[in-house]
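Asker: Okay, here's the structure, questions in a sec.
Each value in this text was obtained by applying a stated rule to the coordinates, not by laboratory testing. Remember, predicted model here, so these are calculated numbers, not experimental data. Reconstructed Cβ throughout: ideal geometry from the backbone, glycine too, with neighbour counts over all protein chains shown.
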Amino acid sequence: MPLKVLNLASTPGGIGGVESLLLSAVDKYDTRRFDVSFCNLFDAGGEDSVFPAGLRARGARYLEVPGSGWRDLPTLVARLVALLRRERFDVLHSHMLHATIVGHLAARIAGVPVRIASRQYTGEAFQNKRAWVRALDRRAFRTATHVVAVSRAVRDTLVHEDGIAPERISVVHNSIDLAAIDAARLDSPLPWPPDWEEKLLLGYTASLTWRKDHANLLRAFARVLAEEPRARLVLVGEGPERGSLQALAAELQVADRVLFTGRRSDVPALARHFHLYVHPPLHEPFGIAVAEAMAVEKPVVGTSVGGIPEVVGEDAGLLVPPGDPAALASAILRVVRDPPTAARMGQHGRQRAERHFAVEVTVERYQELYSRFANGGRS
């Protein structure tokens, strides 16, 4: 009899790194051993419900639990308890903050034997959140059967800030779908002017939020442009900082060399056109976009924060301190001025992506944990 597993997320809309991981994992489980279903809490509904739609389109068994915010918390918990009892799941695996808080409470009430909590974030995720949210999150992780950290940096946060014993934590990296990336072909017009194909394209894929520190990149890019007039910067993503970042680009007199593409569904195809991938956030628990860029053999220049050093390793790119535009500009110039080294970095990056970040590797690690704890294993 296959183990019944529920993967629980809590995304209000859109597709980010966690959602991409779950979507790419749908058909990777061993169906002889595991009967895997999916559920998403806090769904805003309407056209933003692309994650549930994506799961259904891939043939996943998707179970709906209506409720779109904290005001629905009692109803959400009650509905989820009823679902867990009706389906008699052996394993609940939560992947996001709200999914962990709500899911593990419901799973304890419903008597789900194995409760696994994935931590996709570090301490900065709780900035601007109420203390009780942090307290509920910490309790959920402390009472979980086992905890998955997506990087060693996240594991360290769990140990030193949340008091989780190291032996109760497994590091299982987030993953990318290499087959889908390799198959990606750009069948829509490129978002930049035709003459940019002759230029030196630098790309960054991230939501336009303060944590991703696009401002530092724009200041670094102004320095790069002063020495490499062929340079162009492509910023893929959307977010609340867009207006201020466009104003900063104008202030730095680089606006005509910077493109804000907004959200794109063809990022791997776009990345094939980049000469260099730049990833300079202030905080980054893992770095899915970095792994995706490595998968298409792009050298990386990033900041040495969170999980980025684990993703890039020693030979797929260069890392600099966060918030230092001079260091960032210097590293960019160093890579783009040395094409043979840049090509080697890209090759090493692809090899690292295949060995460590393929979705098949991550799913196999998940399956090992499910089997281990369902069969009476201990942390």
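Asker: Taking only Cα atoms and a 10 Å spring cutoff, compute GNM fluctuations for the chain and point out the largest among Leu186, Leu80, Leu63.
Answerer: Fluctuation is largest for Leu186.
Asker: Taking the Cα centre of the stretch 184-356 as origin and charging only Cβ (+1 Lys, Arg; -1 Asp, Glu), how large is the dipole, in debye to the nearest 20? Mind dumping the intermediate values first?
Answerer: Working: 20 positive and 21 negative charges, 15 e Å.
Dipole size: approximately 80 debye.
Asker: Residue by residue through the stretch 59-71, which ³J(HN,Hα) values in whole Hz follow from phi under the Karplus form 6.51 cos²θ - 1.76 cosθ + 1.60 (θ = phi - 60°), with glycine and proline marked x?
Answerer: x, 6, 7, 10, 10, 9, 10, x, x, 10, x, 4, 4
Asker: Ok, one more. How much of the DSSP beta bridge set in the stretch 184-356 is antiparallel, as a percent to the nearest 5?
Answerer: If I count the DSSP bridges inside the stretch 184-356, around 5 percent turn out antiparallel.
Asker: Let me know the number of lysine pairs in the chain closer than 26 Å at the Cα, not counting same-chain pairs under 8 apart.
Answerer: Taking the chain as the scope, the lysine pair count is 5.
Asker: From the phi of every residue in the stretch 267-283, what ³J(HN,Hα) in whole Hz does the Karplus formula 6.51 cos²θ - 1.76 cosθ + 1.60 yield, where θ is phi - 60° and glycine or proline is x?
Answerer: Couplings: 4, x, 5, 4, 4, 4, 8, 6, 8, 8, 9, 10, 9, x, x, 7, 9 Hz.
Asker: Calculated FRET efficiency, Met1 and Ala57, Cβ-Cβ r, R0 30 Å, to nearest 0.05?
Answerer: For Met1 and Ala57, the calculated efficiency is 0.60.
Asker: Same structure again: Let me have the 222 nm mean residue ellipticity of the chain computed from DSSP H runs of 4+ only, each contributing -39500 (n - 2.57), with the sum over all residues rounded to the nearest 500.
Answerer: Mean residue ellipticity at 222 nm (helix-derived): -13000 deg cm²/dmol.
Asker: Something else now. Go ahead and set up a Gaussian network model of the chain, Cα springs under 10 Å, then flag whichever of Pro309, Pro74, Pro280 fluctuates most.
Answerer: Between Pro309, Pro74, Pro280, it is Pro74 that shows the largest mean-square fluctuation.
Asker: Turning to a different aspect of this structure: In debye, nearest 20, what is the charge dipole magnitude of the stretch 45-116 about its Cα centre with +1 on Lys and Arg Cβ and -1 on Asp and Glu Cβ, if you could check?
Answerer: Details: 10 positive and 6 negative charges, 60 e Å.
Here the stretch 45-116 has a charge dipole of around 280 debye.
Asker: Right, another one. With a cap of 13 neighbouring Cβ atoms within 10 Å, and only residues DSSP puts in a loop, list the GluC sites (Glu not before Pro) found in the stretch 134-219. The partial results should precede the final answer.
Answerer: Values: sites: Glu161, Glu167, Glu197, Glu198; in loops: Glu161.
Passing both the DSSP loop test and the Cβ count: Glu161.
Asker: Shifting gears a bit: So, R0 is 56 Å and r is the distance between the beta-carbons of Arg365 and Ala250; what FRET efficiency does that work out to, to 0.05?
Answerer: Taking R0 as 56 Å, the efficiency between Arg365 and Ala250 is 0.75.
Asker: Something else: Using DSSP, restrict attention to beta bridges with both residues in the chain and report what percent are antiparallel, rounded to the nearest 5. Each step should come with its number before you reach the end.
Answerer: On the way: 1 of 45 bridges.
Counting DSSP beta bridges with both partners in the chain, the antiparallel share is about 0 percent.
Asker: Only Cα pairs within less than 10 Å get springs; with that Gaussian network setup on the chain, which residue of Ala99, Ala117, Ala180 has the largest fluctuation?
Answerer: Ala180
Asker: In whole angstrom, note down how far apart the Cα centers of the stretch 229-308 and the stretch 67-86 are.
Answerer: Computed from Cα coordinates, the inter-centre distance equals 38 Å.
Asker: Moving on to the next point. Compute the relative contact order of the chain as a whole-number percentage, counting only Cα pairs closer than 8 Å that sit 6 or more residues apart in sequence. Intermediate values should be presented prior to the final figure.
Answerer: Working: 717 pairs, mean separation 57.3, N = 379.
Computed value for the chain: 15 percent relative contact order.
Asker: Pick out, from Ala53, Phe42, Val91, the residue whose Cα sits farthest towards the positive end of the charge dipole of the stretch 30-100, with +1 on the Cβ of Lys and Arg and -1 on the Cβ of Asp and Glu.
Answerer: Val91
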